[in-house]
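> Dropping the structure in here first, questions after.
The values are calculated or read from the model by the stated rules, or taken from the named source; none is laboratory data. Bear in mind the structure is a predicted one, so any value in this text is a computation, not a measurement. Glycine gets a Cβ as well: all are built from the backbone with ideal geometry, and neighbour counts include every protein chain shown.
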Amino acid sequence: MPDKPNTPEAPTAPPPPPSTSATGPYYVTTPIYYVNDRPHIGHCYTTLLADVAARMHRLLGRDVFFLTGTDEHAEKVVKTAQERGLSPMEWATQNADRFRAAFDFMGFTHDDFVRTSEARHKERASAYIQRLVDSGDIELGDYEGWYDPSQEEYVTETVAKEHEYNSPVTGRPLEKRVEQNYFFRLDKYEGWLRERFESADVRVLPEARRNEVLGRLRDGLQKVPVSRRIKEGDADWGIRMPNDPEHRVYVWIEALCNYLTMVDEPARRKYWPRPDGAQPEVVHLMAKDILWFHAVIWPAMLHALGETPPSTVYAHAYWIAEGRKMSKSLGNFIEIDQLEAYGERYSLDSVRWFLTTQGPLGATDADFAHARFVEVYNADLANGIGNAASRVGNMIAKYFDGEAPDAGGCTSLTAGEGESAATYDWASRTQAALDVFTREAAGVGLAGALNAGLGLSNDVDAYIGLTRPFSIAKDLDGDPVIEGMSNREALAAILAHCAEALRIASLLLWPAMPEKMGELWRNWNCSPLNDPEDPRSGFKAPLSELAQWGGAHSIQPGQRIAKGEALFMRADVKEDPPQAAGAQDAGA
Ligand code: ME8
């Protein structure tokens, strides 16, 4: 495809709002993680976001494919394996298994886990490289530059100087390297890329990150090295240049290809858009450290391959720990065993909730601080949805023998007196929450979507406070508290409203808290899953139907509502943070 001339510098207009009526397949990816590392909060966080997004879109009724995995061909894998007397593959397998185990613990529902050492990845990635050679997008040239061996990447002169010729990430010394390499002609695609960002064909989110990319584009684009000459004694690890086996494909270039290699087969091709065909949504999630590769190099590679670029590149900010940046030298990474200890004490769902709603989803870093964890746990979960569910379950048990009462056709009540009086029109309140959820999910606003669910549960709590069903129950034969209804009818209507609103809230909260909401559904006999015991069995209907007030899936009068155990016990703010079981032996 001919390249358009570069567009002149233009002020950056804000991106168009995300589509709210997205349908069709949805493909969400995480970075593939360096297999040399131990799984930590950062890896778990991005993968959790992908899991929550995948669950949200499945709930909305879309055909979802969720991919994660490990990036294995880094030089340091060879080095560490040697130090441990293992082959690179043995070492990579050990650590890839740790990632799998961590992701199982977190309850992730990825549809595939790619390891770049697998033939299915290597063969296709190699074919892409050959296509780029054939099209003239990859060519031979000399390269001299600053190489960061600890990160396996070249850094620009400006970045090298700024960090006094040390790695901007690990602080270890940079090396000057001169090599004859193959280069990808990224420079050809500057104008094309700018147009993609300006038209939001490729949405770069959040907006601060989009501005950063547009700013850097103005400095111009250079060719990108994509290979390294193999030295004598190098282990046979990685992918060779298909046209020149003396060279190995640079690990980053090959790693990016995973997003396509894993869906480049007939049954999965529907997940990658075709210029002339289906338009699924492709969402790449990552942190800001690797935005450039995903927002610039990868879309340009795809374009050169005649493929469509991803729809959304979302680069969140970082987790820090107790107010300090996490680093290897400080040894303060929150690792998976620490998250497991939190899961053990406060439930896995509370960890998922805290990370998703309090994490660095936008452009600002977020702090994992124990005191904050407990505060959020008590406010949102123990005193929030957990308490609302117990109150409603207990009252239905006590006043209606555990059978859902009949609202008698009433869907709206005005409660409270004077300034605190409020009208609760539940059909429109729940619809509004559903609209927020759907809109936020489309824009990767996962916390906003979940908070729409929490907001509904808080509404139920406030409604109970205003209508005081427990007082009405003490005076069933007294003067009507609500005009036009006996007190028994009012009590039934209020509790029916509460139960149905909480059922809808639970649907919106499920993507972050599948276990606890599954427990509530079992207690209340209202599971929307095809098989209530199998969280992967799919939903009976799309969310728009499931969450319809008074619709086919609503709580029916007479339905059993079991009290069940409290979903979340209140936590003691004075308790020390849970301790990880013990450091594991892994990583360099
Ligand atoms: O970069 N806060 O892998 P990686 C939040 N293999 N997220 C964090 C984080 C933090 N403090 N630290 C890491 C690589 N992450 C390449 C990717 S993709 C084709 C190749 C998360 O193991 C975040 O998602 O260094 C970040 O982008 C990723 O881990 C980097 O993982």
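> Here is a check on your reading of the model: is Tyr147 under 30 Å from Val178 (Cα atoms), part of a strand (DSSP E or B), touching a Pro at 6+ places or on another chain (Cβ under 7 Å) and assigned by TED's automatic domain parsing to the domain that holds Val249? Explain how you work it out, then say what you get.
Working: under 30 Å from Val178 (Cα atoms): yes; part of a strand (DSSP E or B): yes; touching a Pro at 6+ places or on another chain (Cβ under 7 Å): no; assigned by TED's automatic domain parsing to the domain that holds Val249: yes.
In short, no.
> When you go through Leu361, Leu355, Leu381 one by one, which is the residue that is more than 16 Å from the ligand (Cβ to nearest atom), within 21 Å of Gly453 (Cβ to Cβ) and touching a Phe, Trp or Tyr at 6+ places or on another chain (Cβ under 9 Å)?
Values: Leu361 fails: more than 16 Å from the ligand (Cβ to nearest atom); Leu355 fails: more than 16 Å from the ligand (Cβ to nearest atom).
Result of the check over Leu361, Leu355, Leu381: Leu381.
> Restricting the search to the range 256-276, which residues are in contact with a Phe, Trp or Tyr (Cβ under 9 Å, 6 or more places away or on another chain), of a type outside the set (A, V, I, L, M, F, W, C) and within 13 Å of the ligand (Cβ to nearest atom)?
Once the filter is applied, which keeps residues that are in contact with a Phe, Trp or Tyr (Cβ under 9 Å, 6 or more places away or on another chain), of a type outside the set (A, V, I, L, M, F, W, C) and within 13 Å of the ligand (Cβ to nearest atom), the range 256-276 yields Tyr259, Thr261.
> If you take the residues of the range 219-257 that are in a loop (DSSP other than H, G, I, E, B) and of a type in the set (S, T, N, Q), which of them is surrounded by the fewest Cβ atoms within 10 Å (Cβ to Cβ)?
Top of the filtered list is Gln222.
> Which residues, counting only those in the range 42-74, are away from the ligand (no atom under 16 Å from the Cβ) and either under 29 Å from Val249 (Cβ atoms) or free of Cβ contacts under 8 Å to residues at least 60 places away in the same chain (or both)? Please lay out each step first, then the result.
To start, the set of residues in the range 42-74 that are away from the ligand (no atom under 16 Å from the Cβ) comprises 55-65.
Once the filter is applied, which keeps residues that are away from the ligand (no atom under 16 Å from the Cβ) and either under 29 Å from Val249 (Cβ atoms) or free of Cβ contacts under 8 Å to residues at least 60 places away in the same chain (or both), the range 42-74 yields Arg62, Val64, Phe65.
> Which members of the range 220-255 meet the condition of being aliphatic (A, V, I, L, M) and more than 16 Å from the ligand (Cβ to nearest atom)? Spell out how you get there, then give the answer.
Keep residues of the range 220-255 that are aliphatic (A, V, I, L, M), which gives 221, 224, 226, 230, 235, 239, 241, 249, 251, 253, 255.
Hits for the range 220-255 are Leu221, Ile230, Ala235, Met241.
For (1) free of Cβ contacts under 8 Å to residues at least 60 places away in the same chain; (2) surrounded by fewer than 16 Cβ atoms within 10 Å (Cβ to Cβ), each residue gets a yes or a no:
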site	(1), (2)
Ile396	no, no
Phe400	no, no
Ala404	no, no
Gly408	no, yes
Ser412	yes, yes
Ser420	yes, yes
Tyr424	no, no
Leu434	no, no
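> I'd like to check something: does the range 173-191 contain any residue that is in a strand (DSSP E or B), over 22 Å from Ala304 (Cα atoms) and among the acidic types (Asp, Glu)?
Within the range 173-191, one or more residues are in a strand (DSSP E or B), over 22 Å from Ala304 (Cα atoms) and among the acidic types (Asp, Glu).
> Hey, another quick one. So in the range 293-350, with the set limited to residues that are charged (D, E, K, R) and more than 14 Å from the ligand (Cβ to nearest atom), which one is surrounded by the fewest Cβ atoms within 10 Å (Cβ to Cβ)? It would help to see each step written out before you state the result.
Of all residues in the range 293-350, those charged (D, E, K, R) come to 307, 322, 324-325, 328, 335, 337, 340, 344-345, 349.
So of that shortlist, the ones also more than 14 Å from the ligand (Cβ to nearest atom) come out as 307, 337, 340, 344-345, 349.
Values: Glu307: 18, Asp337: 18, Glu340: 18, Glu344: 12, Arg345: 16, Asp349: 23.
Checking each candidate, the answer is Glu344.
> Also, quick follow-up: Tell me the helices (runs of 4 or more DSSP H) entirely within the range 469-588 that contain at least 2 residues that are charged (D, E, K, R), touching a Leu at 6+ places or on another chain (Cβ under 9 Å) and touching a residue at least 24 places away in the same chain (Cβ under 8 Å).
Details: elements: 469-472, 487-509, 514-524, 543-546.
Those helices (runs of 4 or more DSSP H) span 514-524.
> Any chance you could count how many residues in the range 101-125 are surrounded by 19 or more Cβ atoms within 10 Å (Cβ to Cβ) and either assigned to a helix (DSSP H, G or I) or among the aromatic types (Phe, Trp, Tyr) (or both)?
Looking only at that region, the number is 6.
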